[in-house]
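Take a look at the structure set out below.
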Amino acid sequence: MKFIHRLGYYLGGFAIGLIFLAFFLSGKRASCDYGPEARVLKNINIKKHFYTEDALTAMVNANLDSLTIEDILHNGNVKFKESTTDLDSCNIYVIQDEINDQIIKLKVMNCDSVAKITEVAIKK
C-alpha cells in the first residue's frame with residue numbers, strides 16, 4: 001500500500017475520532033484546570049464567600065459590587081509572589097484584575113470550607 005493511501009486512512013480515522021470526541025464531550029462540564037492559578041481560582045470559587053468589614057468599606061468607597069468581585073475571583077490573576085501559601089490552616093492569596101482602567105487587588109483568605117475576602121485595594 002502506498003504511503004499516500006496509508007496517510008489518507010490515518011487522517012480519515014483521526015477525523016472520525018475527533019468528531020466522536022466533540023459529540024460525546026460537548027454536553028459535559030469538562031474543564032482543564034491543571035495550572036496552579038486555575039486550581040487556586042477554582043478552589044476559591046467552589047466555596048462560600050464572606051467579606052470583612054474593611055473589604056466592605058473599601059467596596060462601598062470605590063463603588064464596587066459583589067458581582068465585580070465575583071468576576072475578579074473567576075477571571076483574575078493570582079499573584080503568588082505576594083501570596084502566603086505555606087500556612088497550615090488558611091492560605092492567603094492576592095488576586096488582581098483590571099476593570100474599567102482600574103487595577104483591583106483582592107486579598108483572599110482561603111480556608112477549608114470558606115473563602116474570606118479580607119482586603120480590597122484599587123489603583124488607578
Problem - Where a residue in region 54-78 is in the same structural domain as Asp97 (by TED's automatic domain parsing) and its partner, wherever it lies, is aromatic (Phe, Trp, Tyr), with Cβ under 6 Å and at least six apart - result: Val78/Tyr93
Handout entry: When residues of region 75-105 are limited to those that are over 15 Å from the mean Cα position of the chain (by Cα) and hydroxyl-bearing (Ser, Thr, Tyr), the one surrounded by the fewest Cβ atoms within 10 Å (Cβ to Cβ)
Key = Ser89
Problem - Matching entry among Ile4, Ile72, Ile44 (being hydrophobic (A, V, I, L, M, F, W, C), surrounded by fewer than 10 Cβ atoms within 10 Å (Cβ to Cβ) and out of contact with any Cys (no Cβ under 9 Å at 6 or more places or on another chain)) - result: Ile4
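The values are calculated or read from the model by the stated rules, or taken from the named source; none is laboratory data. Note that this is a predicted model, so its numbers are computed, not measured. Please note: Cβ atoms are built from the backbone with ideal geometry, for glycine as well, and neighbour counts cover all protein chains shown.
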